[in-house]
2 protein chains.
Amino acid sequence: MMWRAMEVEQRKISRAVISRLPRYYRYLGDLLEAGVERISSNDLSKKMQVTASQIRQDLNNFGGFGQQGYGYNVKYLYTEIGKILGLDKDHNFIIIGAGNLGQALANYASFERNGFILKSLFDVNPRLEGVTIRGIPVRMLDELEGYLQENDIEIAALTLPKSKAEEVADVLVANGIKAIWNFAHTDLTLPKDVIVESVHLADSLMKLSYNISQHNEIQK
Amino acid sequence: MMWRAMEVEQRKISRAVISRLPRYYRYLGDLLEAGVERISSNDLSKKMQVTASQIRQDLNNFGGFGQQGYGYNVKYLYTEIGKILGLDKDHNFIIIGAGNLGQALANYASFERNGFILKSLFDVNPRLEGVTIRGIPVRMLDELEGYLQENDIEIAALTLPKSKAEEVADVLVANGIKAIWNFAHTDLTLPKDVIVESVHLADSLMKLSYNISQHNEIQK
DNA sequence: TAGATTGTTAATCGATTAACAATC
DNA sequence: TAGATTGTTAATCGATTAACAATC
């Protein structure tokens, strides 16, 4: 039993490290596009404005992707980080709430490139019935349960008012959704095996505002 | 000279603390709405799933808002955190890129409640010329410089493709914009007195995806 | 081989939690 | 006053940076 616990423990990479991976992925993608074949942690650190030590430390959580005296092969590292992030597999997702933000996400086709496949949108507004976005249909919210039972959907993006969020999330979870990308301005309380990633736009804007005030203070 | 440096130093609240303030603000707002008059760090900690110690420590970075034996007055604390976040002042902002995401933000009227006043949108698409969103006009991007010189705009939200982001950001900064709310999938390199707050949606989705893969691994 | 650069251990720094005296 | 709860100091924990031996 002990080794099992440890095996799980071993996988527990800190949140700080995870949140840096997409950024590495982005920079490596740019390098790849620019035709760069290899890069050292030192050169990458200059581009990314982080320490080389942090880059090496971060990557070594997942394995030795580099080679002494050479550095990192850009294409290889890009692919490996993609695998770590689960981008080598397809993820079917739906959007609940086909308002402005929901439609904005639906139109954002570049998610598809990373394996995120939008299958349907849902809304309560009867005017949206039958509407399609990039060929993807908007369905009525009362069809949600039936739909989930017949389709293999992994992720749901919640782009609806916070008053409805918790309620809908419960339905989603009861019907097998494993992960929720939450844009509602509320913290969902769900079983802890459900993955919730929240984007709180208002919070982000407030941080910006804090920094402005701060900046003005110091000016004085 | 030393005391000046220290004075500035003193203000340097850690990023972790700042990023928790909007969440406190949100919870306090809910409590206020629910008619709760006072709350102890212990009760709040249970609601927010953080330690009471962290709450007290965080708040004490800014001053003693509580009272021994009583706790915190909800309304007072809410107002004070609002001030810290700069929400007691109005902030004029514009949106560059009136595509789906730009329009979604423009329609998101609740920003106004916190003092963020949308003054105009800008786009290159001639079809959007003259269009208004909630009465706010979309202007053509070539009018941007002139507009900035005649209007007092503090914040610009960048909701445009990353290929245009850097270029537009430079124009913004050259014309007095102090803060950029960046939705383009790129890190802007700007003078360090310009405040940049980025929302990288793709990064967020990748974190979600990582956690799904992780979860599946452990299941096995 | 010599030079470069990783992987990894050790040292430092910072953030979180615990504890408790101060005080309402 | 006694009880409750803060503000704050001290202890712990975790994350970042520095250093360097291993090795390509």
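The values are calculated or read from the model by the stated rules, or taken from the named source; none is laboratory data. All values reported here derive from a predicted model rather than from experimental measurement. Note that we place each Cβ from the backbone using ideal geometry, even for glycine, and neighbour counts take in every protein chain shown. Side chains are part of the model used for accessible areas, which takes the heavy atoms of the whole protein and leaves out ligands, DNA and RNA. Shrake-Rupley method; radii C 1.70, N 1.55, O 1.52, S 1.80 Å.
Taking the criterion of being assigned to a loop (DSSP other than H, G, I, E, B) and under 14 Å from A:R23 (Cα atoms), the only residue of region A:67-86 that qualifies is A:L85.
For region B:21-44, the tally of residues that are away from chain A (no Cβ under 14 Å), buried (at least 18 other Cβ atoms within 10 Å of the Cβ) and either within 13 Å of DNA strand C (Cβ to nearest atom) or outside any strand (DSSP E or B) (or both) stands at 1.
Of the listed requirements (1) of a type outside the set (F, W, Y); (2) open to solvent by less than 40 Å² (accessible area, probe 1.4 Å); (3) closer than 30 Å to B:G176 by Cβ, B:K89 misses just one: (2).
Apart from one condition, B:M140 fits all of (1) surrounded by fewer than 20 Cβ atoms within 10 Å (Cβ to Cβ); (2) touching a His at 6+ places or on another chain (Cβ under 8 Å); the exception is (2).
For A:N175, the test of being over 22 Å from B:A104 (Cα atoms), away from chain B (no Cβ under 11 Å), among the polar types (S, T, N, Q) and out of contact with any Ser or Thr (no Cβ under 7 Å at 6 or more places or on another chain) is passed.
Among the criteria (1) open to solvent by 30 Å² or more (accessible area, probe 1.4 Å); (2) within 14 Å of chain B (Cβ to nearest Cβ); (3) of a type outside the set (S, T, Y); (4) under 22 Å from B:L208 (Cα atoms), the one A:N151 does not fulfil is (2).
Mind listing whichever residues of region A:51-76 are in contact with a helix residue (DSSP H, G or I) (Cβ under 9 Å, 6 or more places away or on another chain), within 6 Å of DNA strand C (Cβ to nearest atom) and open to solvent by 90 Å² or more (accessible area, probe 1.4 Å)? Answer for region A:51-76, where residues must be in contact with a helix residue (DSSP H, G or I) (Cβ under 9 Å, 6 or more places away or on another chain), within 6 Å of DNA strand C (Cβ to nearest atom) and open to solvent by 90 Å² or more (accessible area, probe 1.4 Å): A:R56, A:Q57.
So is A:T79 assigned by TED's automatic domain parsing to the domain that holds A:G29 and away from DNA strand D (no atom under 16 Å from the Cβ) or not? Spelling it out, A:T79 is indeed assigned by TED's automatic domain parsing to the domain that holds A:G29 and away from DNA strand D (no atom under 16 Å from the Cβ). Taken over region A:187-197, the criterion of being more than 8 Å from chain B (Cβ to nearest Cβ), open to solvent by less than 40 Å² (accessible area, probe 1.4 Å) and among the β-branched types (V, I, T) is satisfied by A:V194 alone.
Free of Cβ contacts under 8 Å to residues at least 40 places away in the same chain, within 12 Å of DNA strand D (Cβ to nearest atom) and part of a loop (DSSP other than H, G, I, E, B): does that describe A:G64? So A:G64 fits the description; yes. Filtering B:K47, B:K89, B:K83 for residues that are in contact (Cβ under 8 Å) with a residue 12 or more places away in the chain and either aromatic (F, W, Y) or away from DNA strand C (no atom under 16 Å from the Cβ) (or both) leaves a single hit, B:K89.
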